[in-house]
Amino acid sequence: MTAAANQNGRRPTTSRRLERAGIRDVAAAAGVSITTVSDALNGKGRLPDETRSRVREVAERLGYRPSAAARTLRTGRSGLIGLTVTTYGEEPFTFTEFAYFAEMARAATSAALGRGYALVVLPASSRHDVWSNIALDGTVVIDPPDQDPLVSELYRSGVPVVSDGKPGNCPVTAWVDNDHEAAVLGILDHLAEAGARRIGLLTGTSTDTYTRLSTEAYLSWCHRIGQEPVYETYPAHDPAAGAVAADRLLARPDRPDAVYGLFDPNGTDLLAAARRYGLRVPDDLLLVCCSESDVYAGTEPPITTLSLKPRRIGTTVVNLLIDAIEGVDSGSGAAAAGPLGGARLFPPRFRTAGTGPPPGTLMPTELIVRASSQRRSPRTTISAPRPPGEV
């Protein structure tokens, strides 16, 4: 006989799970009405601060948590907002593979929780219809391509959408992005000032605005200075393809003496390819890549990186989305900082085709300059001082 059985041969009864405290329990313990409890916990009504504090203290002590179903019935909101990447369509993709998406999602989650919402990370597509199984109050879409069908469907359903990236012709409520043209031009000028004479580019095949605008900025710069473009493209969702593209770029007969890589793994891919071809970085090849990873501070040599500040973007897109959900005027907030400063932010159901483009916010970037993009100064020999009178 095991210890699980008692003397009567029966299993001992487990202690019954404690009943979850309800709003009536809080009201009774605090000596107030149910309406007062609701107002105190939701920041509504005209209650004395003492009453509001007492109700919240009692609710915390009893472990009371509002019912999600009751909240939805009362407010018409689920308290859930979605986040997805649609750039790569049917291709497999995980946020953890790229530091940018991981940082952005982490900041977005914190910002959502700070305003009482939960963030749900969803795939762009799935064999299961997960989107219809979750009642979302709004969605953040990262780098939507032109004519994104998911964004269009959400818009038709009246679900507010804020994009991380200029949306092109997608019907979003608002967007947040970096000035990618200015960032790329700054990098190219930086490399030219370091002595580069033929700058190459590693870029992607997708149609998202980050890839498209960055590539267009490079081609425009080449045209302006009279350089023939030297670039290779590859599907950015495939890490193995990046290494192959880096090898192709450095194997070209018109091999560049400096390269900017648009994606996170490009720095290590280019560094490895340079070693295979016997190229010294930075003496023979200058390198810059766009990445949020700290790994590049410890490579040999350390690689210069462009930071898009994903944590600031993640926080901003979520706050803009929740403002839209709750009908908050964002004219004096983040939207006012964009090129359409002062434009009021409305949920899609209040917007019409004639209201013009959605408000946008541009975030600054930061070029973290390291040894890979700076030519070493030529060595100079310093002779010992001669004694006075010696020729």
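Some points to look at:
- Selection over the range 285-303 of residues that are over 25 Å from the mean Cα position of the chain (by Cα) and either at pLDDT below 95 or of a type in the set (A, V, I, L, M) (or both) gives a count of 2.
- Apart from one condition, GLY158 fits all of (1) among the small types (Gly, Ala, Ser); (2) assigned to a loop (DSSP other than H, G, I, E, B); (3) buried (at least 18 other Cβ atoms within 10 Å of the Cβ); (4) modelled with pLDDT of 85 or more; the exception is (3).
- With respect to (1) over 17 Å from the mean Cα position of the chain (by Cα); (2) touching a residue at least 60 places away in the same chain (Cβ under 8 Å); (3) under 15 Å from LEU201 (Cα atoms); (4) open to solvent by less than 10 Å² (accessible area, probe 1.4 Å), the lone exception for PRO282 is condition (3).
- Evaluating ASP25 against the criteria (1) farther than 19 Å from ARG115 by Cα; (2) open to solvent by 40 Å² or more (accessible area, probe 1.4 Å); (3) free of Cβ contacts under 8 Å to residues at least 12 places away in the same chain leaves one unmet condition, (3).
- Listed by first and then second residue, the pairs with beta-carbon distance under 8 Å, at least 6 apart or on different chains, first residue in the range 51-71 and more than 14 Å from ALA28 (Cα to Cα), second β-branched (Val, Ile, Thr) and modelled with pLDDT of 90 or more, form an empty list.
Quick grid of which residues meet (1) within 19 Å of ASP164 (Cβ to Cβ); (2) modelled with pLDDT of 70 or more; (3) not in a helix (DSSP H, G or I):
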{"position": "LEU41", "(1), (2), (3)": "no, yes, no"}
{"position": "GLU50", "(1), (2), (3)": "no, yes, no"}
{"position": "THR84", "(1), (2), (3)": "yes, yes, yes"}
{"position": "GLY89", "(1), (2), (3)": "yes, no, yes"}
{"position": "MET104", "(1), (2), (3)": "yes, yes, no"}
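- If you go through the range 135-155 and keep only what is farther than 15 Å from GLY360 by Cα and surrounded by 18 or more Cβ atoms within 10 Å (Cβ to Cβ), you end up with LEU136, ASP137, GLY138, THR139, PRO145, ASP148, LEU150, VAL151, LEU154, TYR155.
- Flag if ALA217 is of a type in the set (Gly, Ala, Ser), within 14 Å of ALA258 (Cβ to Cβ), out of contact with any Ser or Thr (no Cβ under 7 Å at 6 or more places or on another chain) and modelled with pLDDT of 95 or more: no
- Scoring LEU250 on the criteria (1) under 29 Å from the mean Cα position of the chain (by Cα); (2) not in a loop (DSSP other than H, G, I, E, B) leaves a single failure, condition (1).
- Taken over the range 193-218, the criterion of being assigned to a helix (DSSP H, G or I), open to solvent by 30 Å² or more (accessible area, probe 1.4 Å) and in contact (Cβ under 8 Å) with a residue 12 or more places away in the chain is satisfied by GLU216 alone.
- Flag if GLU228 is out of contact with any His (no Cβ under 9 Å at 6 or more places or on another chain), of a type outside the set (Lys, Arg), crowded, with 17+ Cβ neighbours inside 10 Å and modelled with pLDDT of 95 or more: no
The values are calculated or read from the model by the stated rules, or taken from the named source; none is laboratory data. Keep in mind that what you see is a predicted model, and the values were worked out from it rather than measured. Every residue, glycine among them, receives a Cβ derived from its backbone with ideal geometry; neighbour counts consider all protein chains shown. Just the protein is used for accessible areas: all its heavy atoms, side chains included, with ligands, DNA and RNA removed. Shrake-Rupley method; radii C 1.70, N 1.55, O 1.52, S 1.80 Å.
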